[in-house]
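S.K.: Submitted below is the structure of interest, expressed as structure tokens.
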Amino acid sequence: MVRFTSVFTCLALLFATSAVPVTIPLGTTGQSLSVSEDGKTISVDGRSINLDQALNARGVCKHEGKKHHGKGGASSNSTAATPGAKAIYFITNAAENSVVALNVATDGTLSDGSITTTGGAGLSGVDSTGAPAAPDSLFSQGAVKTAGNFLVAVNPGSNTLSMFSISPTDPTQLTCLGSPQSTLGDFPVSVSLSTKLSVACVANSGARAGVACLSMTANGLAPLDTALRPFAIGQTTPPSGPENTVSQTFFNADDSALLTTVKGNPAVNNTGFLSVFPVANGAVSMQEARSSPAGTAVLFGTALLPNSNNIFVTDASFGSATLSLNAQNIASVVAKTPIADQKATCWAAFSDVTGTAFVTDVAVNHLVEVDTVTGTLIKELNSTNGNPGMIDLVSAGNFVYALSPGNASVKAAVAVFDVSGGRGTAKEIQNFNPSGVPDSAQGMAFI
């Protein structure tokens, strides 16, 4: 992948002395770098970058302040800047990547909060035709995560992670800590945080695919690993998916292992796998246990199950399953839930209120509730809010929040579901259209 940031200064000097379009061959790649006549835009393989924006904004976090009047019903009990205030977060994954923070009222409803740039770039994966793979542009779960009063987000287009502190009185106020740090790979898509280990571990899904960990400090992220824990999946940057890409990386409940789901491709008899890197002496090992549970193929999103070592996972080829890990960290299926009308069941969350899991589908606008012990499909809530489908979601007390990135004709939205009545009672209470959010939004986190 061409690293634009390493050549910006030289290009700027070149443009100052040239008043005509310039084309520069890129070695033996068969690609060329094209420069506009005014010297302000460069393009490679269909991707364009405005040099003024890149030179002035890259690597700098910028808080864009409060935004109001999002559609979908304003909160009837707006959140004040007080201790205990709540918020949800996702990234725009736009060329200038940003974190969107929405206020969560005491009745669970949402209102606009803030948009803060990460100092890094977003980027979409591609489909089988080479076109941007919207709305599931990262093929992943967990593009942004919170732990305590900290937030970390991926920057897929610049191969970096950004870290923020969260105001204890207004969780929509984010302060950038340090500068974005390298993920040691290409196209980072999922991050997991451990306050116990003081690390952020990130999964890359591009040509250099694999997992790397960074130190979390009061001043931001700092390099920790010197090498990637590689996954030889033969991808490109950006990756072509959703099959054969990295899905999610996450720590288990006691932070004794870092797990990662990787999708296979049934069409070419390529089976996905679950990777487990144990934690030893306070560090994530470089050696993994890897298994492909029988009956699974396209492992995607996950949810930890309370008081259990089992893991709830989605599989885009049929629905969801519950996996059990043995002493050697080899996984097997203990419950399975086929979803008859599913198209791409990919994201998962577990609710402590209902004691069940919820899954979403990017191409079917429904929220499906599953018993993680028996695999019983409890309820399929078909939404009539007009969204094309839902992706990443988070369970937060009596509510479940699910992101719908939208498309060319439907705006991005977050659907809010009330599950306070317990198992089988989920109902939609709001479909909120946040201001200033493009149809490339990804991830979902809560504090």
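S.K.: For region 333-411, report the translational diffusion coefficient in µm²/s to the nearest whole number, using Stokes-Einstein at 4 °C, 1.567 mPa s, and a Kirkwood Rh over Cα pairs.
M.R.: Stokes-Einstein gives a translational diffusion coefficient of 100 µm²/s.
S.K.: Another question about this same structure. First select every other residue whose beta carbon is under 15 angstrom from the beta carbon of G424; then total the charges, Lys and Arg +1, Asp and Glu -1.
M.R.: Net of charged neighbours comes to -2.
S.K.: Also: Which order do peptides 98-104, 226-232, 181-187 fall in by mean Cβ count within 10 Å, highest first? Display every interim value, and only then the final one.
M.R.: Working: 98-104: 27.1, 226-232: 14.9, 181-187: 24.6.
Those peptides, ordered most packed to least, come out 98-104, 181-187, 226-232.
S.K.: Return the Rg/Rh ratio of region 234-308 with Cα-based radii and a Kirkwood Rh.
M.R.: 1.01
S.K.: Starting at 0 and stepping by 10 Å, how many percent of the alpha carbon pairs of region 389-447 end up in each bin?
M.R.: Result, from short to long distances: 24, 50, 22, 4 percent.
S.K.: If I stretch the segment between N326 and T129 completely, what's the gain in nm (0.36 nm per residue apart, minus their alpha carbon distance), one decimal?
M.R.: 66.9 nm
S.K.: Quick one: which of K86/K427; K145/K196; K196/K263 span more than 27 angstrom between C-alpha atoms? It would help to have the intermediate numbers written out before the result.
M.R.: Values: K86/K427 21 Å; K145/K196 15 Å; K196/K263 29 Å.
Flagged as over cut-off: K196/K263.
S.K.: Roughly what would the spin-label model give for R423 and T195, points 7 Å off Cα along C-beta, in nm?
M.R.: Inter-label distance under the simple model: 3.1 nm.
S.K.: With unit charges on the beta carbon (Lys/Arg positive, Asp/Glu negative), name the residue among I166, T337, T296 whose Cα is farthest towards the positive pole of the charge dipole of region 58-440.
M.R.: With unit charges placed on the Cβ atoms, the residue in question is I166.
Throughout, read-outs are computed from the coordinates displayed, never taken from laboratory work. The model shown is predicted, which means the values in this text are computed figures rather than measured ones. FYI the Cβ positions are ideal-geometry reconstructions off the backbone, even for glycines, and counts take in every protein chain you see.
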